[in-house]
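What follows is a short report on a single structure.
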Amino acid sequence: MENAKGQQLPSGNFHKLSHPLLFFFFYIPFGIFSGYLTVTLAFQFSRSGISLQQIAGLAAVNLLPQVFKFTWAPLVDVTLSLKKWYLLATLITASTIFATGIVPINSANLLLFTFMILISSFSRSFISAAIGGLAAHGTSPLLKGQVGGYCQAGNLGGGAIGGGAGLWLAQHTADRWIPGAVLALVCVLCCAGLLFIKEPVSTIRVRGARKTINNLLNDIWSTLKTSRGLLALILNILPLGTGAAGFLFAAFARDWRSGADTVALVTGGLGGLAIISGCLIGGRICDRVDRQKAFVLFSLLQAVCCVFMAFCPHVPLMYIIWTLAYALVNGFVNAAYSSFTLEATGRGAAASKFELYSSMSYLPLYLMFWISGLAYVKWGAFGMLNTEAIIAVIAATLFIGVKIIIKKRVSTPEDVNAIYIETL
């Protein structure tokens, strides 16, 4: 059996591997809390008189552990099992969601909310690590693109559930605890997927903590010093395919003379469908082409959307078309990101390596938020969109140059995803 690049792959164990669709459900709890915090809780906080600055501070607390999660991700590789870590982390996440629904919202309880949000974000980092490990070991190398697509679709779908369904429940139920209870239950139900996936046998753990840690560090280093692993790390650090402009579409809608209903339609329901569809389509594309190249090409296509949106007439129809096009391509980008990251992660200390790549991906996102904000203030929406496009072209060019250099100096390893543990 061969993959899309003609590389020989083992066929004996493929029937024992898990279907990529499982990872759509596994990732829902990770996304639910983000949507619940930024939409449902933000709405309830605002209605209770909490300032926008304080709400933004709570959102920042939620993101903080995601930047540093690579420091504690090794715990997933060296203790418990991946399935136990997922179950434990999901239950903690569900518990904190429920708890935020029963604690009264007022200024006196902001510190308590901050603590609960921090705990939830910390537990969600273990959800991500466990999923990374299960996906790396338990899915076919031929389907890493689809796995990545389903992961991102689940993440975004969970955000839609946490935000959309959570807000609807908050507005149509008399008791404030009901939205949190329902969303917590959804998180718990996603754990049922663990019944349909096998726990991989660890190749890292041995008798003796020191030897286990040495195995883990050696495996991480062995991956990073290969061309594929190093290029994946560079792609995660470069400001490429961040989708930062998408977070500002609602803010500059007036530049296209678009009203609140139009904004709600294209950044809400239709936009969500577009980006989730993009994840699923992009994932399938990534199983047929080089995944790192696909990420670069999709990112450049995203830049093209920015340019066309900037130069086309600033009327509502163009706002709708290019906002939805950007969302669709952003789904392509997200799927490609997850697929090339899983491909580079390989086996071994998969949770640690996956979270290392994931943590690094937040750095360019923060950078582009800052740059986009400055560009919007200085040049408006037109300048901000073109700034993102220019930076994407520069980053893609830089990556191509670095890749040429690395390919000459770093040996290309065997396909780390081509060999799977026999007991899966």
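Things worth noting here:
- Coupling constants for the stretch 185-191 follow from the phi torsions by the Karplus curve (6.51 cos²θ - 1.76 cosθ + 1.60, θ = phi - 60°), and in residue order they are 5, 4, 4, 5, 4, 5, 5 Hz; glycine and proline get x.
- Rounded FRET efficiency, nearest 0.05, which uses the C-beta distance separating Ile405 from Trp379 and R0 of 45 Å: 0.85
- Inter-label distance for Ser51 and Ile321, nm, one decimal - labels placed 7 Å from Cα along Cα-to-Cβ: 4.4 nm
- Surface accessible to a 1.4 Å probe, per residue, for the residues of the stretch 5-139, Å²: 40 Å²
- Å² of accessible area per residue within the stretch 258-375, as computed with a 1.4 Å probe and no ligands counted: 36 Å²
- For the stretch 116-197, the Cα-based Rg and Dmax, in that order, read 15.1, 49 Å.
- Ordered from longest to shortest, the equivalent ellipsoid semi-axes for the stretch 201-319 are 42, 16, 14 Å, each the square root of 5 times a Cα gyration tensor eigenvalue.
- Per-residue [θ]222 nm for the chain (sum of -39500 (n - 2.57) over DSSP H runs n ≥ 4, rounded to 500): -23000 deg cm²/dmol
- An oblate overall shape is assigned to the stretch 146-192, the ratio a/c of its alpha-carbon gyration tensor axes (a ≥ b ≥ c) being 1.5 or greater and a/b not exceeding b/c.
- Within the chain, longest stretch clear of exposed GluC sites (Glu not before Pro) (DSSP loop, no more than 11 other Cβ within 10 Å): 1-413
- Considering only the Cα atoms of the stretch 115-255, their convex hull presents on average a projected area of 13.6 nm².
- Among the listed pairs Lys144/Lys403; Lys83/Lys144; Lys69/Lys408; Lys198/Lys353; Lys84/Lys407, those whose Cα-Cα separation exceeds 30 Å are Lys69/Lys408; Lys84/Lys407.
- Whole-number accessible area per residue in Å² for the stretch 149-194, which is evaluated in the context of all protein chains at 1.4 Å: 39 Å²
- Accessible carbon and sulfur surface of the stretch 198-263 relative to its total accessible area, %, 1.4 Å: 58 percent
The values are calculated or read from the model by the stated rules, or taken from the named source; none is laboratory data. Values in this document were obtained by computation on a predicted structure and should not be read as measured data. As a convention, Cβ positions derive from the backbone with ideal geometry for all residues, glycine included, and neighbour counts pool all protein chains shown. These accessible areas exclude ligands, DNA and RNA; they are computed on the full protein's heavy atoms, side chains included. Shrake-Rupley method; radii C 1.70, N 1.55, O 1.52, S 1.80 Å.
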